[in-house]
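Presented below is the structure to which this report refers.
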Amino acid sequence: MDTALSILADGLAHELRTPLSTISLNLQLLQEELQTVVGSPPQADTALNGKAEATLKRVCVLQKEIQRLEEVLSDFLRFAKGGSLELLEQDINQVVDEVIDFIAPEAKRNGIEVVRDYAPDMPIARLDTGLVKQAILNIIINAQQAMPQGGRLSVSTSHKEGHVHIGVTDTGTGIPRHHQDKIFQAYFSTKKKGTGLGLPTAKRIVEGHGGSISVESTEGRGSSFIIQLPLGTEPLKPFPPKAD
Ligand SMILES: Nc1ncnc2c1ncn2[C@@H]1O[C@H](COP(=O)(O)OP(=O)(O)OP(=O)(O)O)[C@@H](O)[C@H]1O
Ligand SMILES: [Mg+2]
């Protein structure tokens, strides 16, 4: 995104953050006040008690929605702003493994078997670890969400001709052919609570490193995403990539 848009995004986020935190703070106070009424002895006014309980539930719904708005805003900012890459020489297997360790407990709870298939002789790559982890995580979260009844998540690493590859394969719903060219577009989502920024963010991060993401998917069988990153011998593109 160009600088003008990035400044605009920053301004918008700032304008929204302030009222959002005021609303959030007041809802918190309201919740505490209602809790004291609900928690008061039953001999107190029971009608009032019941009303307070119903209102408390509504306040909780509002709080959840505010939290969601804050998350959407953070996702948007992360996508819009980019920033400069902090490149360090990294062991790809270790980077991938840290993401897997992070998601493994939840995957297990959801009946997802996690298979790690790392090439033992991976070369060192120059990466911004935090951002690359974010990109891998976004792809893995999608994979998990595509397997609500459980399944298998395979994560692999390999290298070839000056590039490293990180593969994420799931046995989930798959992506319909007519969606496959849209999934990297900002705000394209087929999910009730999706913002549609997960894959565009991942793409932006990977392209910022001079790499690319490809996908192969069959409806009803699953999807396979491959992140390809250069080993750092090629000149790195500016991050965020400049719009042509
Ligand atoms: N592994 C996958 N299996 C099936 N569909 C997928 C997979 N990965 C992505 N998709 C499709 O691509 C769409 C876009 O994904 P993206 O991660 O950008 O947004 P999202 O997951 O909908 O929302 P969020 O912003 O919360 O990530 C998804 O809504 C889904 O339709
Ligand atoms: Mg997603």
### Query
Rounded to the nearest 0.05, what FRET efficiency do Gln145 and Arg58 have when you use their Cβ-Cβ distance and R0 = 35 Å?
0.80
### Query
Could you give P(r) for the chain, binned at 5 Å from zero, as whole percent values over all Cα-Cα pairs?
1, 6, 11, 14, 14, 14, 12, 9, 7, 5, 4, 2, 1, 1, 0, 0
### Extension reserve of the Phe102-His178 stretch, reckoned as 0.36 nm per residue once the Cα distance is removed
24.1 nm
### Query
If you stretched the chain out fully between Glu86 and Thr22, how much longer would it get, using 0.36 nm times the residue separation minus the C-alpha to C-alpha distance?
19.6 nm
### Task
Read phi for every residue in segment 218-225 and hand back ³J(HN,Hα) as whole Hz from Karplus 6.51 cos²θ - 1.76 cosθ + 1.60, θ = phi - 60°, with x for Gly and Pro.
10, 4, x, 10, x, 9, 9, 10
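Please report, largest first and rounded to whole Å, the three semi-axes of the ellipsoid equivalent to segment 137-214, where each semi-axis is the square root of five times an eigenvalue of the C-alpha gyration tensor.
Numbers: eigenvalues 94, 59, 22 Å².
After scaling each eigenvalue by five and taking roots: 22, 17, 10 Å.
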### Query
Stretch Ser224-Gln31 to full length: gain in nm at 0.36 nm per residue minus the Cα-Cα span?
65.0 nm
### Query
Ignoring ligands, DNA and RNA, how do Phe225, Phe76 rank by accessible area with a 1.4 Å probe, largest first?
Phe76, Phe225
### Query
Amide H neighbours of Val164 under 5 Å, counting only residues 5+ apart in sequence or on other chains, H built in-plane at 1.01 Å?
Leu229, Leu231
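Out of the DSSP beta bridges found with both residues in segment 88-230, what percent are antiparallel (nearest 5)? Before the final figure, lay out each step's value.
Values: 27 of 34 bridges.
Approximately 80 percent, going by the DSSP bridge assignments.
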### Task
Compute the Cα gyration tensor for segment 104-177, then decide on rounded, prolate or oblate, letting a ≥ b ≥ c be the square roots of its eigenvalues: rounded whenever a/c is under 1.5, prolate when a/b is larger than b/c in the other cases, and oblate in all that remain.
prolate
### Cα-only Debye scattering, segment 88-230: base-10 log of I(q)/I(0) at q = 0.11, 0.12 Å⁻¹
-0.37, -0.45
### Query
For segment 86-100, what does the Karplus curve 6.51 cos²θ - 1.76 cosθ + 1.60, with θ = phi - 60°, yield as ³J(HN,Hα) per residue in whole Hz, taken in order and with x for Gly and Pro?
9, 8, 9, 6, 10, 8, 4, 4, 5, 4, 4, 4, 5, 5, 5
### Query
For segment 3-81, what number results from the quotient of the Cα radius of gyration and 2.2 N^0.38 Å?
1.55
### Query
Amide H of Tyr118: which non-local residues (sequence gap of 5 or more, or other chain) have their own amide H closer than 5 Å, using H built in the peptide plane?
Thr157
### For segment 144-151, Karplus couplings with θ = phi - 60° (6.51, -1.76, 1.60), whole Hz, Gly/Pro x
4, 5, 7, 10, x, 9, x, x
### Query
Ignoring ligands and nucleic acids, what accessible area does His178 show with a 1.4 Å probe (Å², nearest 10)?
120 Å²
### Set Lys64/Lys192; Lys160/Lys193; Lys57/Lys108; Lys57/Lys133; Lys57/Lys192 screened for pairs whose C-alpha atoms are more than 27 Å apart
Lys160/Lys193; Lys57/Lys108; Lys57/Lys133
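Can you tell me, using C-alpha contacts under 8 Å and at least 6 residues apart, the relative contact order of segment 3-81 as a whole percent?
The value is 47 percent.
The values are calculated or read from the model by the stated rules, or taken from the named source; none is laboratory data. Note that this is a predicted model, so its numbers are computed, not measured. No Cβ is skipped: glycine too gets one built from the backbone with ideal geometry, and neighbour counts run over all protein chains shown. Ligands, DNA and RNA are excluded from the accessible area calculation, which covers all protein heavy atoms including side chains. Shrake-Rupley method; radii C 1.70, N 1.55, O 1.52, S 1.80 Å.
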